[in-house]
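The values are calculated or read from the model by the stated rules, or taken from the named source; none is laboratory data. Not measured: the values here are computed from a predicted model. Here the Cβ is made from the backbone with ideal geometry for all residues, glycine too, and neighbour counts use every protein chain on show.
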Amino acid sequence: MIKLELNPGIFEETEILEKVEDGTTFASRVLLFDDDVHTFDEVITQIIKAIACDRQKAEALCMQVHNNGKAAVYEGDIGNCLRVSAILEEIALHTQIEC
């Protein structure tokens with residue numbers, strides 16, 4: 001099981017900038033939060049489904065979530081972030097999109 005332990009201030013902020021057609025930039029990423037409900041296999045399977053990565057990358061992201069309480073599992077444009085978040089939330093994982 002994965003246990004939820006949030007410790008504010010221990011996560012490094014990274015800025016991901018993406019240009020849009022009008023020349024402005026924005027940063028978007030999907031954060032996945034740890035919980036005590038889902039198994040590692042459930043989370044790994046859902047990450048693979050959401051971001052189309054291999055099992056090794058999904059396992060690494062799952063461990064980041066477990067060890068740090070949350071992790072950025074996807075970075076990109078807002079439309080893709082919404083899609084990734086929706087797929088993760090299909091099994092009631094807790095996500096947040098940062099723009």
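Residues that are touching a strand residue (DSSP E or B) at 6+ places or on another chain (Cβ under 7 Å), of a type in the set (A, V, I, L, M, F, W, C) and either farther than 18 Å from Val37 by Cβ or part of a helix (DSSP H, G or I) (or both) within segment 83-99 comprise Val84, Leu88, Ile97, Cys99, listed in sequence order.
Please indicate, with yes or no, whether at least one residue in segment 47-62 is closer than 15 Å to Ser28 by Cα, assigned to a helix (DSSP H, G or I), modelled with pLDDT of 95 or more and out of contact with any Asp or Glu (no Cβ under 8 Å at 6 or more places or on another chain). Yes: segment 47-62 contains one or more residues that are closer than 15 Å to Ser28 by Cα, assigned to a helix (DSSP H, G or I), modelled with pLDDT of 95 or more and out of contact with any Asp or Glu (no Cβ under 8 Å at 6 or more places or on another chain). Give the residue that is farthest from Ile97 (Cα to Cα), with candidates limited to residues of segment 22-46 that are of a type in the set (A, V, I, L, M) and part of a loop (DSSP other than H, G, I, E, B). Among them, the one singled out is Val37.
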